[in-house]
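See below for the structure under consideration.
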Amino acid sequence: MGPALEEIAQIRSGIARRETPHGPVELYYEDLGDPAAPPALLIMGLGAQLPMWPDGFCARLVDAGYRVIRFDHRDTGLSAKMHGLRARGPVYRRVGRYLLGRPSRVPYTLVDMTGDVVALLDRLGIDRAHVVGASLGGMIAQILAATAPHRVASLGVIMSTTGKPFSALPAWRVIRLAFDPPASDASAEEKLDFEVRNVAVFNGPNFLPPDDELRARVRRLADRCSYPPGMLRQFDAVLGTGSLLGYAKAITAPTVVLHGSADPMVRPRNGRAVAAAIPGARFVVVDGMGHDLPEPVWRPIVETLTEHFALARAR
């Protein structure tokens, strides 16, 4: 067992506010550890609330001497909800364009969400941070590193993609989940069962926590916030942005790309393509990891990241 967050970290929370054409966006954040320590900004994925960066994972980074910031994206968790915004036309058309690397008209894109991240750094008075993004967060991290290189001391991209044309699709067992949602009149327990099954599929068979732990985790997240329209808008943000290949090629920050060998959502080939696109990036395979951060992968990921941070600081 690693260090416990409550034992080693000061926890500060607050709101970062940004004005946008659709009104103010307020991001809820948690700022962990010594404020004078080198900052590490963690950016989570689609529809994923800040606890999806597990407490124990964050505690390891704090224990290694870093100030850790995690937050809820707009339309997620305790951050602002962009009520009423929706993309026009069928989503299938946007999916088709995205598979070809082309953008679509949507309420907001990953570029807009990157602007939220910059506002958060400004709110915290952080000029430069080690930036780590997972999944959709890894896509935002790529945009940030390309468009605001002076804010990124180093870049870590976990289980993500550039979304370049003809990127590898998710495994069929993941795609099938979208066609088998619970009925609109399903009971709370049936909806819980569905969400637990989703987490189990994304995690993959390796390092899968016991069912009671998964159910408790899903319940905690649902109690904190349940807002399906926000997840759909974030999905549209990915589709609307299109290929990130141009951003990836422009990145100058020292970069490490980590990807699970058993990721059924964002296939390992896509992570390898991220590393190939970013000049000088290093690619690290996390053996057996799926599209999640279960406890057995915390140590190898944190060790890889902290080694990377230290090398970047020494440059």
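Okay, here's what the table says:
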read-out: Cross-chain or 6+ apart pairs with Cβ under 7 Å, the stretch 55-68 first and over 20 Å from Ala153 (Cα atoms), then aromatic (Phe, Trp, Tyr) and surrounded by fewer than 21 Cβ atoms within 10 Å (Cβ to Cβ); value: Gly56/Trp298; Phe57/Trp298
read-out: Flag for Ser79 being closer than 29 Å to Arg219 by Cα, part of a loop (DSSP other than H, G, I, E, B) and modelled with pLDDT of 95 or more; value: yes
read-out: Failed item, numbered, when Asp263 is tested on (1) within 18 Å of the chain's Cα centre (by Cα); (2) of a type in the set (Asp, Glu); (3) outside any loop (DSSP other than H, G, I, E, B); value: (3)
read-out: The lone exception for Lys191 - which of (1) touching a Pro at 6+ places or on another chain (Cβ under 8 Å); (2) under 19 Å from Asp236 (Cα atoms) it fails; value: (2)
read-out: Selection from the stretch 217-240 of residues that are crowded, with 17+ Cβ neighbours inside 10 Å and either in contact with a strand residue (DSSP E or B) (Cβ under 9 Å, 6 or more places away or on another chain) or among the basic types (Lys, Arg) (or both); value: Arg217, Arg233
read-out: Hey, Val25 part of a helix (DSSP H, G or I) and modelled with pLDDT of 95 or more or not; value: no
read-out: Verdict on Leu121 being touching a residue at least 40 places away in the same chain (Cβ under 8 Å) and not in a helix (DSSP H, G or I); value: no
read-out: Pairs, first closer than 17 Å to Ala48 by Cβ in the stretch 206-219, second not hydrophobic (A, V, I, L, M, F, W, C) and not in a helix (DSSP H, G or I), C-beta under 7 Å, six or more apart; value: Pro209/Pro294
read-out: Single match in Ala40, Ala48 (criterion: in a strand (DSSP E or B), of a type in the set (Gly, Ala, Ser) and within 17 Å of the chain's Cα centre (by Cα)); value: Ala40
read-out: Residues located in the stretch 181-209, provided they are in a loop (DSSP other than H, G, I, E, B) and farther than 28 Å from Val297 by Cβ; value: Pro181, Pro182, Ala183, Ser184, Asp185, Ala186, Ser187
read-out: Residues being without any contact (Cβ under 8 Å) to a residue 60 or more places away in the chain and assigned to a helix (DSSP H, G or I) - total across the stretch 276-303; value: 3
read-out: Lone qualifier among Pro51, Pro21 - being surrounded by fewer than 22 Cβ atoms within 10 Å (Cβ to Cβ), free of Cβ contacts under 8 Å to residues at least 12 places away in the same chain and more than 23 Å from Lys164 (Cβ to Cβ); value: Pro21
read-out: Any chance Ser243 is within 22 Å of Ile301 (Cα to Cα), surrounded by fewer than 22 Cβ atoms within 10 Å (Cβ to Cβ), at pLDDT 95 or above and hydroxyl-bearing (Ser, Thr, Tyr); value: no
read-out: Selection count, the stretch 181-205, where residues are surrounded by fewer than 16 Cβ atoms within 10 Å (Cβ to Cβ) and either modelled with pLDDT of 95 or more or in contact with a Gly (Cβ under 9 Å, 6 or more places away or on another chain) (or both); value: 1
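Quick grid of which residues meet (1) modelled with pLDDT under 95; (2) β-branched (Val, Ile, Thr); (3) within 18 Å of Leu144 (Cα to Cα); (4) surrounded by fewer than 18 Cβ atoms within 10 Å (Cβ to Cβ):
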{"position": "Gly260", "(1), (2), (3), (4)": "no, no, no, no"}
{"position": "Val266", "(1), (2), (3), (4)": "no, yes, no, no"}
{"position": "Ala275", "(1), (2), (3), (4)": "no, no, yes, no"}
{"position": "Pro279", "(1), (2), (3), (4)": "no, no, yes, yes"}
{"position": "Val285", "(1), (2), (3), (4)": "no, yes, no, yes"}
{"position": "Ala310", "(1), (2), (3), (4)": "no, no, no, yes"}
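The values are calculated or read from the model by the stated rules, or taken from the named source; none is laboratory data. Remember, it's a predicted structure, so these values are computed and weren't measured experimentally. Note that each Cβ is placed from the backbone with ideal geometry, even for glycine, and that neighbours are counted across all protein chains shown.
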